[in-house]
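These notes are about the structure you will find just below.
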Amino acid sequence: MTKKQTIAIVLDILIIVCTALCLFLLFRWLDQGAARRVWAVVIILPALALAAYEIVCWSKPAKILKKRDPLISTLVLLGEDDRPIRVWDLTGKVGLLIGKSSEDYQVDIDLSETDYHTYIDPEHALLNYQESGWWLQDTSSRNGVSIIRKGKELMPGRYAPAKLEPGDVICIAQYTRIAVN
């Protein structure tokens, strides 16, 4: 449970307790004079309205927040024979740097151990998540980035990222392939 959810639950409980207290005071003050009845109405009507609002909010299902594209959840480094070599989980991520790590520099998707690592730049490509999905962008690498989609090759650029779809294959420096699942 997130901090916001916890705060919302605590506030809801406080509202319910305040409403119960107001109802108790209303029944208690109805026997009193007219001035107290007016104050009881002034205090209790807003509390009852707030309680009614809370009841409606609890009874209606909350609006579902726009979730991430459930179809794209992992990236899979493919070997020469299309067998998976390594898997990267995209859960909770919003941006990933593809390239080669060194002692001084770390990337999110490290391809320094691949067969064609000499063709890969330290900062080769970027993956960014936006509301519409995952986008691939070339960082002006020497040997480029492409996407194979249904037999066609797309070439994202530095200023023209390409949206990824399930089933795409990202080609880093032409020979290193990463499947989008």
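The values are calculated or read from the model by the stated rules, or taken from the named source; none is laboratory data. Predicted model, so just to flag it, every value in this text is computed and none were measured. Don't worry about glycine lacking a Cβ; one is built from the backbone with ideal geometry, like all the others, and counts go over all protein chains shown. Surface accessibility is based on the protein's heavy atoms, side chains included, excluding ligands, DNA and RNA. Shrake-Rupley method; radii C 1.70, N 1.55, O 1.52, S 1.80 Å.
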Report summary line: Largest-first ranking of HIS117, HIS124 by accessible area, probe 1.4 Å, whole protein assembly kept, is HIS117, HIS124
Report summary line: In Å, the Kirkwood hydrodynamic radius from C-alpha pairs for the stretch 66-181 sits at 14.1
Query raised in the report: Check TRP134: other-chain or 5+ apart residues with amide H under 5 Å from its amide H, H built from backbone geometry?
Result: LEU164
**Report entry** Derived scalar couplings ³J(HN,Hα) [the stretch 77-90; Karplus, 6.51 cos²θ - 1.76 cosθ + 1.60; whole Hz; x for Gly, Pro]
**Finding:** 6, 9, x, 4, 9, 6, 7, x, 9, 8, 10, 10, 8, 9
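Need one word for the stretch 128-176: rounded, prolate or oblate. Basis is the Cα gyration tensor (sqrt eigenvalues a ≥ b ≥ c); a/c below 1.5 gives rounded, then a/b vs b/c decides. Spell out each step's value before the answer.
Numbers: a/c = 2.06, a/b = 1.14, b/c = 1.80.
Taking the square roots of the gyration eigenvalues as a ≥ b ≥ c, the stretch 128-176 is oblate.
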Report task. Multiply the residue gap between CYS18 and ILE85 by 0.36 nm, knock off their C-alpha separation, and tell me the result in nm, one decimal place. Result -> 18.2 nm
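Multiply the residue separation of TYR159 and ASP108 by 0.36 nm, subtract the distance between their alpha-carbon atoms, and state the gained length in nm to one decimal. Spell out each step's value before the answer.
Numbers: separation 51, 0.36 × 51 = 18.36 nm, distance 2.11 nm.
Stretched fully, the TYR159-ASP108 segment lengthens by 16.3 nm.
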**Report entry** Relative pair counts by distance (%), Cα atoms of the stretch 75-136, 5 Å bins
**Finding:** 4, 16, 24, 25, 18, 9, 2
Query raised in the report: What order do you get for 81-89, 166-174, 128-136 when each peptide is scored by the mean count of other beta carbon atoms within 10 Å, highest first?
Result: 166-174, 128-136, 81-89
Report task. Please give, to one decimal in nm, the separation of the simple spin-label points placed at THR118 and LYS152, each 7 Å out from Cα toward the Cβ. Result -> 3.5
